[in-house]
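Novice: My questions all concern the structure below.
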Amino acid sequence: MNPLSILRSCWPEGSLREATRQKLVMRQLSLHTRADRMFRVILLLQWVAGVVVALWVSPRTWIGAQSMVHAHVIFAIVGGGLLASLPLAMIAWRPGRLSTRLCIAVAQALFSCLLIHLSGGRIETHFHVFGSLAILAAYRDWRVIALASLVVAGDHFLRGVWWSESVFGITTASRWRWVEHTAWVAFEDVFLFIIIRQSNVEMRQSANLLTDLENAKREAELANKSKDDFLVKVSHEIRTPLNGVLGFTEVMQRGGHTAEQQKKFLQTIHRSGQHLLRLINDILDISKMESGHLDCQLGRCRPDKVIDEIVSVLRVRAAEKGIELESCWRTAVPETIETDEMRFSQVLMNLVGNAIKFTEHGTVRLTAGIHRTDEGSILVVEITDTGIGIHPEKLERIFSPFQQADNSITRRFGGTGLGLPISRQLARALGGDVSVESQVGRGSCFRLFIRAGSLDGIALHNPAAPLPEAPQPTSPPANRTDLEGMSILLCEDGEINRELIGWVLTAAGASVSYAENGQQGVDLIEDCVEKPDLVLMDMQMPVMDGYAATQTLRARGIDLPVIALTAHAMSGDEQKCLAAGCSGYLTKPFRLEALLDMIDNTFETTEQAEASWEDCVGA
Amino acid sequence: MRSDQQFYKGWRPVAWIVLGTLWLVGLGGLWYATTRYQFRRPPVAESSIATSWPATSRLELAARRDTLVYLIHPRCPCTRASTRQLQRLLDGNLLRREQQPRVLVLASVPSGAEASASPRHEAQRETDSSWTDTDLLRRCRQLPRSTVVLDVGGEESQRFGGRISGTVLLFDSAGNRLFAGGITAARGLEGDNPAAARLHDLLCRQATPSPSLLTGHSVSSPRPSLSAETFPALGCQLCLPSGAAPSDDSQAATAAQTPRKTPLPRAL
C-alpha cells in the first residue's frame with residue numbers, strides 16, 4: 001500500500017453523514033481526552049523516574065573529597081519538570097485539543113532524549129522511543145506519531161552529525177547513521193499508521209452503525225406512533241359508518257316505520273357499507289404501495305371517456321352540495337392514450353371527490369390537455385376548486401398517509417387522509433405526479449400528470465363534445481330467477497355468508513348445497529355420482545382451504561367450474577386462485593348482482609353436468 | 001464584566017502561543033545544556049601528566065610488558081563508563097596474552113578515609129567503606145592483570161600528574177609514556193571512539209614487531225606518545241593533596257622526590 005495513501009486514510013472523513021460525523025467527533029474527543037489523562041500520569045511518572053534514576057546512578061559529582069549535586073539530578077528535576085510542565089497545563093486547560101496532543105508528542109519524544117542522557121546513553125533506554133510511539137498511538141492520530149518521529153529524527157540528526165557518540169555511543173559512526181535510526185522509527189510508524197487507520201475505520205463503522213441504530217430506533221418509534229395514529233384513525237373511520245349500519249339496523253328491528261322510511265334507512269346502511277369498503281380498499285392500496293406491489297396494467301384507453309365518466313358519477317354529489325362541476329379540454333383530445341385506465345380513473349375520482357368535498361360553494365373545474373415533450377406525451381388534468389384552500393406550510397403534508405392539513409379538517413370534513421397519498425403514488429406509478437397550488441380561502445388547484453405514451457398515429461378530435469348526462473340513481477334490481485334448475489355447492493365456513501349467499505342463490509332459482517370446509521366439499525363431490533353444476537369456494541376455511549380443495553378436485557379429474565370467493569384483495573391473489581384451478585374470482589364484499597353475473601358467465605362456458613346433483617344429495 | 005471576559009477570551013490563545021514558544025525555547029536550552037555537559041572538559045589542565053614513569057613513584061613498572069595506570073576517583077559515577085570501556089579493551093577476545101598490560105588502578109581517596117576506617121570509629125565506618133568498597137572499585141578489581149592501589153591522599157596520583165578520574169596512562173617497559181587521556185568520547189558514555197581505538201592499537205603493536213629491512217632482525221616499530229589534550233578524560237576531579245596545583249611534568253617529578261612525606265600506597 002502506498003505510504004501516502006495510508007497517511008491519508010488514517011483519518012477517513014470522506015462522505016460521512018452529519019450525524020455520523022458528529023458521533024465520530026464526540027468519540028474522538030472522548031478518546032483524546034482519555035489519552036490526555038493517561039499521559040498526565042505518564043509524564044509525571046517519567047519525571048519522577050528521571051529524578052530517581054539520576055539520584056540512583058549519579059547522585060553527586062566530586063572534586064576530590066568534596067561533593068555536590070550531580071548535574072544529572074538537576075537536569076532530571078529541571079529538565080523533566082520543564083518537559084512535563086506545558087503538556088500538564090494543556091491537559092488541564094485544553095484537554096482533547098490537537099495542540100495538546102502535539103505538545104505531548106514533543107514532550108514524550110524529548111523525554112526519551114533526557115532519559116537516554118540520564119542513563120548514560122545506555123542502548124536499552126532507546127527503547128523508550130519505540131515505547132513512546134506505541135503509547136502515543138493511543139490517540140489514533142497519525143499527526144501525533146509523525147511529529148514525535150520528526151522530533152526523534154531531528155534529535156538524531158543534530159547529535160548524529162555533530163556529537164554522534166552522545167546518541168549512538170560511538171564517535172566512529174557514519175554521518176548518515178541518523179538515517180538508519182530514523183528508518184527504524186519510520187518502520188514502527190508504518191505499522192502504527194496501519195493500526196491507526198484500521199482503528200479509525202472501525203470507529204467510523206461503529207459510528208455509522210450507531211447512527212443507523214438510532215435512526216432505526218427513531219423510525220421504529222415513529223412507525224409505532226404512526227401505527228397508533230393509524231389504529232385511532234382507522235378505528236374512527238370504521239366506527240362512524242358502522243354506527244350507521246348498526247344504528248339503523250336496530251331502528252328497523254324496532255319496527256313501526258313506513259316503507260319510505262325503511263327504504264331511506266336501508267340506503268343509509270348500504271352507503272355506510274360502501275364507505276367501509278372504500279376505506280378498506282384505500283388501506284389495501286397504501287399497503288400495496290408501501291410494499292412495492294402496486295401493479296399497473298398499461299393499455300390504450302380513451303381519456304375523454306374516463307374524464308366524462310368521473311364527471312358523470314360525481315356530478316350528483318356536486319349537485320347535492322350546490323356547486324358546479326365542469327370539465328373541458330384546452331388541447332385536441334387524443335383518441336386514446338396508453339395508461340392504466342382503472343388507476344387513472346381512481347386518481348381522478350380521488351382528486352375530484354376531494355375538490356367537491358372541500359368546496360362549499362362555487363365551482364370545481366377539470367381542465368385536460370396533452371403536452372408533447374421530447375420524452376413523449378403527457379396528459380395534464382387540472383382540478384381547480386373554489387374551496388377552503390390549504391396553508392402553504394401544509395401543502396406537502398397532505399400527501400403523507402393519514403395526514404390532513406390539520407385535525408380540525410378531519411373533524412369538519414372527515415376522511416382518512418389516504419386519498420391524496422394514494423393519488424400521488426398512483427400518478428407516479430403511471431409515470432407522472434400530482435402537484436398542488438393553493439391559497440387559503442380562495443381554493444386549490446391540483447395538477448395530475450400522467451404519461452400518455454406514444455401518440456404517433458393517434459387521431460386527435462375536437463374537444464367541443466357534449467358531456468353525457470349524469471346517470472340517475474337506480475334502485476336495486478329485482479330478484480333474478482335466471483339460475484332456475486341449477487345446482488350449486490357453496491363451500492363457506494362463515495355462517496352469515498352461507499345464509500346470505502344461499503338466500504340469494506335460492507331466490508335466483510338455484511338449488512344450493514352447503515359445506516363448511518374444503519374437505520367436506522371435496523367429500524360431497526366425490527361421494528355423489530351426479531356432480532353439482534358449479535362450486536362457490538371460499539378460499540379461507542378450516543380443515544382444508546379453498547386452494548387445497550380446488551387443487552384436490554382438479555387432481556382427481558373433476559373439472560367442475562369453481563368460483564373463488566376470497567376476502568384477500570392483495571395483488572396476486574386472483575392469479576393464485578386461478579393457478580389453483582378456479583374458474584372465476586370474486587372479492588368479498590361483492591355485489592350480489594356481480595355474483596349472479598359471474599355464475600351466469602361461468603356457467604355458460606361450462607358443460608352441463610350429466611347427473612343430477614340433487615338426486616345424489618337426496619340419496 | 002462581559003468585556004473583561006471577552007478580553008481574556010481573546011488573549012487566551014495568544015497566551016498559549018507565548019507559553020508554547022517559551023517552552024520550546026526552554027527545551028532547546030535544556031537540549032543544548034545536556035549535550036554540552038557531556039563534552040565539557042573539567043576546568044583543570046592536563047598538560048602536567050607525566051611523560052615518563054615518575055622516578056619517585058612507589059609503583060612498580062612491569063619489566064616485560066606495558067604498564068597501564070588507571071587513575072580513578074572511587075565515587076565518580078562517570079568513571080563507570082571508562083571502566084567498562086577499559087574492560088572491553090583488555091578483554092581476552094581483543095588482546096592476546098602477551099599483549100595484556102599490567103594494570104595499576106590508582107584510586108585516590110582522601111587521607112581521612114583510611115584513618116577513619118578503624119572499628120573504633122563506628123560512626124564513620126559507613127562513610128569510609130563508601131570510599132574503599134565502591135561499585136567502581138569492585139569493577140576495577142575485575143580488570144585483567146589488575147592491581148587496585150588505594151592512593152590515600154592522592155600523592156601517587158599527583159606524581160603521575162593526573163587530575164581527572166578516568167585518566168589512562170600507558171607506559172612501555174622502559175618507562176616511556178605511550179598514551180595519556182580518557183577513553184570515552186563523552187562524559188559517562190561508553191562506546192567505540194578514537195581514543196579507545198588508539199589505545200587498543202598501541203597495545204596490539206607492542207607484540208607485533210615489524211622486521212627491519214636493513215638487518216632482517218625484528219624490531220619494535222616506534223610508538224608515538226599521545227597527549228591528554230587530544231583525548232581528555234571526562235570525570236570527577238581526583239583526591240589530591242591539599243594545595244596541589246596543576247603542574248608540569250618536572251614539577252610533578254620534583255614533588256615526587258620527597259617520598260618521606262608521602263604515605264605508602266596500599267594495594268587492595
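Novice: If I fit a long axis through the Cα atoms of helix A:98-118 and take the longest principal axis of the Cα atoms of chain A, what angle between them do I get, 0 to 90°, rounded to 10?
Specialist: 30 degrees
Novice: Now, a different point. Return the Rg/Rh ratio of segment A:14-215 with Cα-based radii and a Kirkwood Rh.
Specialist: Across segment A:14-215, the Cα-based Rg/Rh ratio is 1.08.
Novice: Let me ask something additional. Once you compute Rg and the Kirkwood Rh from C-alpha atoms, what is the Rg to Rh ratio for chain A?
Specialist: That ratio is 1.29, to two decimals.
Novice: Another question, if that's okay. For B:VAL149, list long-range residues whose amide hydrogen, built 1.01 Å from N in the peptide plane, is under 5 Å from its own amide hydrogen.
Specialist: B:VAL105, B:LEU106, B:ALA107, B:LEU268
Novice: From the mean inverse distance of alpha carbon pairs (Kirkwood) and the Cα radius of gyration, derive Rg over Rh for segment A:242-302.
Specialist: 1.28
Novice: Where does each of A:THR359, A:THR506, B:THR79, A:THR373 land when they are ranked from fewest to most other beta-carbon atoms within 10 angstrom?
Specialist: Going from sparsest to densest Cβ surroundings: A:THR373, A:THR506, A:THR359, B:THR79.
Novice: Sorted from largest down, give the three principal axis spans of the alpha carbons of segment A:299-461, whole angstrom values.
Specialist: Projected onto the principal axes, the Cα atoms of segment A:299-461 cover 50, 30, 24 Å.
Novice: I'd like the per residue volume of the convex hull spanned by the Cα atoms of segment A:487-618, given in cubic angstrom.
Specialist: 100 Å³
Novice: Determine the alpha carbon to alpha carbon distance for each of A:LYS233/A:LYS588; A:LYS225/A:LYS288; A:LYS225/A:LYS321 and list only those over 25 Å.
Specialist: A:LYS225/A:LYS321
Novice: Just want to confirm a number: the relative contact order over chain A, from Cα pairs under 8 angstrom separated by 6+ residues, in percent.
Specialist: Relative contact order, chain A: 8 percent.
Novice: What dipole magnitude, in Debye to the nearest 20, does segment A:299-461 give about its Cα centre under +1 on Lys/Arg Cβ and -1 on Asp/Glu Cβ?
Specialist: Roughly 440 debye, rounded to the nearest 20.
Novice: Would you please give the residues with an amide H less than 5 Å from that of A:SER513, counting only those at least 5 places away or on a separate chain, with H modeled from the backbone geometry?
Specialist: A:ILE488, A:LEU489, A:LEU490
Novice: Still on this structure, please answer the following. Starting from the Cα gyration tensor of segment A:190-311, take the square roots of the eigenvalues, sort them a ≥ b ≥ c, and report rounded, prolate or oblate (rounded when a/c is under 1.5, otherwise prolate if a/b is larger than b/c, else oblate).
Specialist: Verdict is oblate for segment A:190-311.
Novice: Another question, then. According to the square roots a ≥ b ≥ c of the eigenvalues of the Cα gyration tensor, what is the shape class of segment A:256-368, taking rounded for a/c under 1.5, prolate for a/b larger than b/c otherwise, and oblate for the remainder?
Specialist: Oblate is the answer for segment A:256-368, as a/c is 1.5 or above yet b/c matches or exceeds a/b.
Novice: With the contact rule set at Cα under 8 Å and sequence spacing of 6 or more, what percent relative contact order holds for segment A:487-618?
Specialist: It rounds to 26 percent for segment A:487-618.
Novice: Could you name the aspartates and glutamates whose alpha carbon sits less than 19 Å from that of A:LYS305, not counting residues in the same chain fewer than 8 places away?
Specialist: A:GLU326, A:GLU335, A:GLU338, A:ASP340, A:GLU341, A:GLU382, A:GLU469
Novice: Can I ask one more? Is segment B:145-208 rounded, prolate or oblate when judged by the Cα gyration tensor, a ≥ b ≥ c being the square roots of its eigenvalues, rounded requiring a/c under 1.5 and prolate requiring a/b larger than b/c?
Specialist: Note, shape of segment B:145-208 comes out oblate.
Novice: So which of A:LYS394/A:LYS576; A:LYS264/A:LYS531; A:LYS227/A:LYS357 end up more than 31 Å apart by C-alpha?
Specialist: Beyond 31 Å: A:LYS394/A:LYS576; A:LYS264/A:LYS531.
Novice: Using DSSP loop states and a limit of at most 13 other Cβ atoms within 10 Å to flag GluC sites (Glu not before Pro), what is the longest stretch of chain A containing no flagged site?
Specialist: My reading of the result: A:14-359 is the longest stretch.
Novice: Quick one: A:MET541, A:MET68, fewest Cβ neighbours within 10 Å first, how do they rank?
Specialist: In order of increasing Cβ crowding within 10 Å: A:MET68, A:MET541.
Novice: Can I ask one more? With +1 assigned to the C-beta of every Lys and Arg and -1 to the C-beta of every Asp and Glu, and no other charges, what is the dipole magnitude of segment B:146-209 about the Cα centre in debye, to the nearest 20?
Specialist: Rounded to the nearest 20 debye, it is 160 debye.
Here, each number is a calculation from the coordinates, and none is a lab measurement. As the structure is a computational prediction, the values presented were derived from the model and not from experiment. FYI the Cβ positions are ideal-geometry reconstructions off the backbone, even for glycines, and counts take in every protein chain you see.
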